[in-house]
Amino acid sequence: MKNSQKKRIALVGLGDIAQKAYLPIVANHSKITPILCTRNNMVLKQLAYQYRITEAYSSIDDLIKAQPDAVMIHSNTKSHFALVSKLLHAGIPVFVDKPLCYSLSEVETLLNLSAQKDILLYLGFNRRFAPLVNSLKNQLNPIQIFWQKNRVDLPGDPRVFVFDDFIHVVDSLRFLASGEIENIQVFSKCKNKKLEALQVQWQQNDVLLSGSMNRMSGITEERVEYYANGNKWQIDELTTGIHYKDEIQDVIGFNNWQNTLYKRGFVDLIEDWLQALSEPDFKANRIQDIWDTHYLCETIVERI
């Protein structure tokens, strides 16, 4: 591919998640010319040198003046509203790490702005693209799906707990099922105004869905259990699994050479982001999808 056909895509906020999950893919992608942007000049210089990136900015305003084809935001959640607003007003497509915002009213404002300007706003949920999870989407007629994600000694403010972390569970369950959410039930355990554990159940069509998170656990872990007629799939840490059928189990997973970022969905997430950027028409269903996940998170916070 000729260099002129590459997308000039900027990464804003070069913290842990950007350095571990996104920069290694974006900086080495054949269809992307990467741009860096952070107020931390030491990090900016170090990463520009490490990845041989020639275009870098310490100001979002200077970045906008440079007119990138798109921007990926990896800064903290509190900064999202101002950054996304500024970029959409400038006519620049935006990728945002989950969540879009902590406030449902701010989420609605940004989604409306995206729709009014016909500018792509894309929310990054890597678990949708983790191959072992994505393969479950092709299984017909699920009956019941469980998703649990636990951490060690990390109680938190209920809104931050749900929107920054439990949103992965909420969105993944929504992704694997289909239809309207019904009969939602929320069970929570709080201590000193900190949320320690959460369990949520609901239905979509005839599928029973259950998501849980314990942040006072003895282990950091993540497990999916997916049931269909005569079948069960169990996936651990997004990277290993077992398929059960007729009391026989088959191990599913990857060979030793498969990249961790591919196993965890980041590689295919970037491919989907690039595909979305190439679409000639604005797709309103993307806006609805983002809204549905955040609305469900807001409902859970209110019930807590």
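The values are calculated or read from the model by the stated rules, or taken from the named source; none is laboratory data. As the structure is a computational prediction, the values presented were derived from the model and not from experiment. We place every Cβ from the backbone using ideal geometry, glycine too, and count neighbours over all the protein chains shown. What goes into the accessible areas is simple: the full protein's heavy atoms, side chains included, and nothing from ligands, DNA or RNA. Shrake-Rupley method; radii C 1.70, N 1.55, O 1.52, S 1.80 Å.
Taking the condition closer than 20 Å to residue 228 by Cβ, hydrophobic (A, V, I, L, M, F, W, C), part of a helix (DSSP H, G or I) and modelled with pLDDT of 95 or more, does residue 173 pass? Before the answer, list the steps.
Numbers: closer than 20 Å to residue 228 by Cβ: yes; hydrophobic (A, V, I, L, M, F, W, C): yes; part of a helix (DSSP H, G or I): yes; modelled with pLDDT of 95 or more: yes.
The answer is yes for residue 173.
I'd like to check something: does segment 40-56 contain any residue that is within 22 Å of residue 122 (Cα to Cα), in contact with a helix residue (DSSP H, G or I) (Cβ under 8 Å, 6 or more places away or on another chain) and modelled with pLDDT of 95 or more?
Step one: list which residues in segment 40-56 are within 22 Å of residue 122 (Cα to Cα), which gives none.
No, the conditions are met nowhere in segment 40-56.
Just give me the residues in segment 241-270 being under 20 Å from the mean Cα position of the chain (by Cα) and in contact (Cβ under 8 Å) with a residue 60 or more places away in the chain, in sequence order. Even if it seems obvious, please write down each step before you answer.
Going residue by residue through segment 241-270, those that are under 20 Å from the mean Cα position of the chain (by Cα) are 259-270.
Selection gives 261, 262, 263, 264, 265, 266, 267, 268, 269, 270.
I'm checking my understanding of the structure. Among residues of segment 9-58 that are in contact (Cβ under 8 Å) with a residue 60 or more places away in the chain and open to solvent by 60 Å² or more (accessible area, probe 1.4 Å), which one is nearest to residue 70 (Cα to Cα)?
So in segment 9-58, the residues in contact (Cβ under 8 Å) with a residue 60 or more places away in the chain come out as 9-15, 17, 21-22, 24-26, 29, 31-32.
From the residues that got through so far, the ones that are open to solvent by 60 Å² or more (accessible area, probe 1.4 Å) too are 17, 31.
Details: 17: 19, 31: 13 Å.
Only one residue tops the list, namely 31.
Identify all residues within segment 42-83 that are touching a Phe, Trp or Tyr at 6+ places or on another chain (Cβ under 9 Å) and in a loop (DSSP other than H, G, I, E, B); write none if there are none.
66, 74
Give the number of residues within segment 105-130 that are open to solvent by 30 Å² or more (accessible area, probe 1.4 Å) and in a helix (DSSP H, G or I).
Qualifying residue count, segment 105-130: 10.
Do we have any residue at all in segment 180-199 that's among the charged types (D, E, K, R), open to solvent by less than 60 Å² (accessible area, probe 1.4 Å) and over 20 Å from the mean Cα position of the chain (by Cα)? Steps first, please.
Of the residues in segment 180-199, the ones among the charged types (D, E, K, R) are 180, 182, 189, 191, 193-194, 196.
Now restrict to residues that are open to solvent by less than 60 Å² (accessible area, probe 1.4 Å): 196.
In the following step, the residues that additionally are over 20 Å from the mean Cα position of the chain (by Cα) were identified as 196.
Yes.
Quick check on residue 281: is it open to solvent by 40 Å² or more (accessible area, probe 1.4 Å) and either modelled with pLDDT of 95 or more or within 14 Å of the chain's Cα centre (by Cα) (or both)?
Details: open to solvent by 40 Å² or more (accessible area, probe 1.4 Å): yes; either modelled with pLDDT of 95 or more or within 14 Å of the chain's Cα centre (by Cα) (or both): no.
No: the conditions fail for residue 281.
May I ask you to verify whether residue 62 is buried (at least 19 other Cβ atoms within 10 Å of the Cβ) and of a type in the set (Asp, Glu)? Before the answer, list the steps.
Values: buried (at least 19 other Cβ atoms within 10 Å of the Cβ): no; of a type in the set (Asp, Glu): yes.
It is false that residue 62 is buried (at least 19 other Cβ atoms within 10 Å of the Cβ) and of a type in the set (Asp, Glu).
Farther than 22 Å from residue 148 by Cα, touching a Phe, Trp or Tyr at 6+ places or on another chain (Cβ under 6 Å), open to solvent by less than 80 Å² (accessible area, probe 1.4 Å) and at pLDDT 95 or above: is that true of residue 233 in this structure?
Working: farther than 22 Å from residue 148 by Cα: no; touching a Phe, Trp or Tyr at 6+ places or on another chain (Cβ under 6 Å): yes; open to solvent by less than 80 Å² (accessible area, probe 1.4 Å): yes; at pLDDT 95 or above: yes.
So residue 233 fails the test.
Looking at 167, 143, which is the one that is at pLDDT 95 or above and open to solvent by 60 Å² or more (accessible area, probe 1.4 Å)?
Working: 167 fails: open to solvent by 60 Å² or more (accessible area, probe 1.4 Å).
Just one listed residue meets the conditions, 143.
Go over the candidates 286, 215 one by one and state the one that is surrounded by 18 or more Cβ atoms within 10 Å (Cβ to Cβ), at pLDDT below 95 and among the basic types (Lys, Arg). Can you show your working first?
Details: 215 fails: at pLDDT below 95.
Among 286, 215, only 286 is surrounded by 18 or more Cβ atoms within 10 Å (Cβ to Cβ), at pLDDT below 95 and among the basic types (Lys, Arg).
Can you name the residue in segment 289-304 that is surrounded by fewer than 16 Cβ atoms within 10 Å (Cβ to Cβ) and more than 19 Å from the chain's Cα centre (by Cα) and, of all such residues, is nearest to residue 120 (Cα to Cα)?
The qualifying residue nearest to residue 120 (Cα to Cα) is 302.
Suppose we keep only residues that are under 22 Å from residue 169 (Cβ atoms) and outside any loop (DSSP other than H, G, I, E, B) within segment 244-260. Which one would you say is least open to solvent (accessible area, probe 1.4 Å)?
Let us first name the residues in segment 244-260 that are under 22 Å from residue 169 (Cβ atoms), namely 252-253, 260.
Right, trim to outside any loop (DSSP other than H, G, I, E, B) and you get 252, 260.
Working: 252: 50, 260: 81 Å².
Applying the filter and picking the extreme gives 252.
Which condition breaks for residue 222 when tested against (1) open to solvent by less than 40 Å² (accessible area, probe 1.4 Å); (2) of a type in the set (D, E, K, R); (3) not in a strand (DSSP E or B)?
Of everything listed in (1) open to solvent by less than 40 Å² (accessible area, probe 1.4 Å); (2) of a type in the set (D, E, K, R); (3) not in a strand (DSSP E or B), residue 222 misses just condition (3).
Find all pairs meeting these conditions: Cβ atoms under 8 angstrom apart; at least six residues apart or on different chains; first residue within segment 192-218 and in contact (Cβ under 8 Å) with a residue 24 or more places away in the chain; second residue part of a strand (DSSP E or B) and among the hydroxyl-bearing types (Ser, Thr, Tyr).
Pairs found: 195/188; 198/188; 198/212; 200/210; 200/212.
Looking only at segment 87-100, count every residue that is crowded, with 18+ Cβ neighbours inside 10 Å and without any contact (Cβ under 8 Å) to a residue 40 or more places away in the chain and tell me the total. Break it down stepwise before answering.
Taking segment 87-100 as the starting set, the residues that turn out to be crowded, with 18+ Cβ neighbours inside 10 Å are 87-88, 90, 92-100.
Cutting the leftovers down to without any contact (Cβ under 8 Å) to a residue 40 or more places away in the chain gives us 87-88, 90, 92, 94, 96.
Total satisfying the criteria: 6.
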